[in-house]
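In what follows, a single structure is set out as structure tokens and then discussed.
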Amino acid sequence: MQLIDTLEQDLRELDARGLRRRRRTIDTPCDAHMRVDGRDTIGFASNDYLGLAAHPQLVAALSEGAQRYGAGSGGSHLLGGHSRAHAQLEDDLAEFVGGFVDDARALYFSTGYMANLAVVTALAGRGTTLFSDSLNHASLIDGARLSRADIQIYPHADADALSAMLEASGADAKVIVTDTVFSMDGDVAPLPRLVELAERHHAWLIVDDAHGFGVLGPQGRGALAEAALRSPNLVMVGTLGKAAGVAGAFVAAHATVCEWLVQRARPYIFTTASAPAVAHAVSASLRIIASEEGDARRAHLRKLIARTRTMLKETCWLPVDSQTAVQPLVIGANDATLALQAALERDGIWVPAIRPPTVPEGTSRLRISLSAAHSDDDIERLNTSLQRVSREAQERAR
Ligand SMILES: *Cc1c(COP(=O)(O)O)cnc(C)c1O
């Protein structure tokens, strides 16, 4: 058998198990209404929670950044690629989110995936025990594997179980890693308990605020600010391609932690710095996030979340108890979830089906992702469509 044939056989197996994924091609900016594979749809797939991805001020900032700094950075941050725009953004970020630690500094990365690889591998290594929530994002899991630390997985959001595992551990170096808002469930980690445990056990606590930054806390400063937490043990990761509407990510922590990352984190050192114009646009995004306009967008989003929670309770499926913009509807089987996605799509509603390995086996789901760009009317159209497919599913079950 040819090499290509073995791959084709594996791909057919994915098809048979309802696990083949397909990309959609979009002709319009990321917004509530998009042209997807040539069809007009209302999108509930993006993580553009504040509706900033197509904001005219950000588009203008991106082009201003390109005029000022050119198209590419030309090198890695340590070899000539670190521009004034990157430096300015890092100062802006440290100022904006750094209230959780003394002497805060921030480090800008091209993606959240790399920021997580960097921070986990720089703080954990051979001899470290790394305690990881069972529903953590893939990038934290990959960082843990790459670090060669001893990995212990604690049951999702279970601080008591984590406490017992820390108690039983004889490791000299300990690191706890968790999402703040879990990306496929929308629930929030028990952060105050985790901080307490980290301090008691001399552990770093790395929190990935990809879905909290911009949305939660005063001015959208994130989940740590919302819970009013402060600790020298805390290391925060935030991403800038979700609520911030642009691209990239950051690590915020005590200045010494960031300095250690500059010296040691391979995913920071051995890659070309992102285009300075992108950093320039992110700085503009931070100004909107922190402004009254940002507050208004968050207030509108909260209203949409409340409406969606009520709507989901009226379907035949069990909603997950999420207070955030991530509103999952767990269906179970892969094929049934894909069929529902297709049924909604026929009404011009795009809600993506999420399947393993993104979520555990048997918990495939529709992931409704809300944005301040959605109007009340968009949500009512989602409701009409969802209640119809729910009635049809109930009739089939009878
Ligand atoms: C999206 C996401 C990331 C990765 O961020 P990118 O900037 O998209 O690479 C990391 N962690 C979580 C929890 C995420 O949802």
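Averaging Cα coordinates gives a centre for region 280-312 and one for region 333-398; these two points are 23 Å apart.
Once the chain is represented by equal point scatterers at the alpha-carbon sites, with solvent omitted, what log10 I(q)/I(0) does the Debye formula produce at q = 0.07, 0.08, 0.15 Å⁻¹? Treating every Cα as an identical point scatterer, log10 I(q)/I(0) equals -0.34, -0.44, -1.43. Here r is the Cβ-Cβ distance between TRP260 and ARG200 and R0 is 22 Å; the resulting FRET efficiency, rounded to 0.05, is 0.45. According to the Cα-based calculation, Rg over Rh for region 56-289 is 0.97, with Rh computed by the Kirkwood formula.
Taking 17 Å as the straight-line reach from the Cα of LYS313, the lysines in range (excluding those fewer than 8 positions away in the same chain) are LYS303.
Using only the Cα atoms, what convex hull volume per residue in Å³ does region 1-160 have? Could you put the intermediate results ahead of the total?
Details: hull volume 42.0 nm³, N = 160.
That works out to 263 Å³ per residue.
For region 148-226, just run the numbers: alpha carbon Rg, then divide by 2.2 N^0.38 Å, N being how many residues it has. Mind dumping the intermediate values first?
Details: Rg = 13.1 Å, N = 79, 2.2 N^0.38 = 11.6 Å.
Taking the Cα Rg and dividing by 2.2 N^0.38 Å, one obtains 1.13.
Averaging Cα coordinates gives a centre for region 92-134 and one for region 62-82; these two points are 24 Å apart. Rounded to the nearest 500, the 222 nm mean residue ellipticity of the chain from helices alone is -13500 deg cm²/dmol, with -39,500 (n - 2.57) taken per DSSP H run of at least 4 residues. So which aspartates and glutamates can LYS174 reach, going by Cα to Cα under 16 Å and dropping same-chain residues fewer than 8 places off? Straight-line reach from LYS174, under 16 Å: ASP133, ASP150, GLU196, GLU199. In plain terms, the residue of SER132, SER371 with the fewest other Cβ atoms within 10 Å comes first and the most crowded comes last, giving SER132, SER371. Determine the gain in length on full extension of the stretch GLU380-THR358; use 0.36 nm per residue of separation and subtract their C-alpha separation, reporting nm with one decimal. Extending this stretch completely gives an extra 5.1 nm. Across region 13-91, Cα-Cα pairs farther apart than 16 Å form 70% of the total. Please enumerate, by chain and number, the aspartates and glutamates with C-alpha under 15 Å from the C-alpha of LYS242, excluding those fewer than 8 residues away in the same chain. Of all the aspartates and glutamates, those that pass the test against LYS242 - Cα under 15 Å, at least 8 places apart if same chain - are ASP31, ASP48, ASP179, ASP208, ASP209.
Within a 10 angstrom radius of the beta carbon, how do SER285, SER322, SER291 rank from fewest other beta carbons to most?
Working: SER285 26, SER322 20, SER291 13.
Starting with the residue having the fewest Cβ neighbours, the order is SER291, SER322, SER285.
Bear in mind that the values in this text are calculations on the coordinates, not laboratory data. None of the values given here were measured: they were computed from a predicted structure. When we count neighbours, we look across all protein chains shown, and the Cβ atoms used for this are built from the backbone with ideal geometry, even at glycine.
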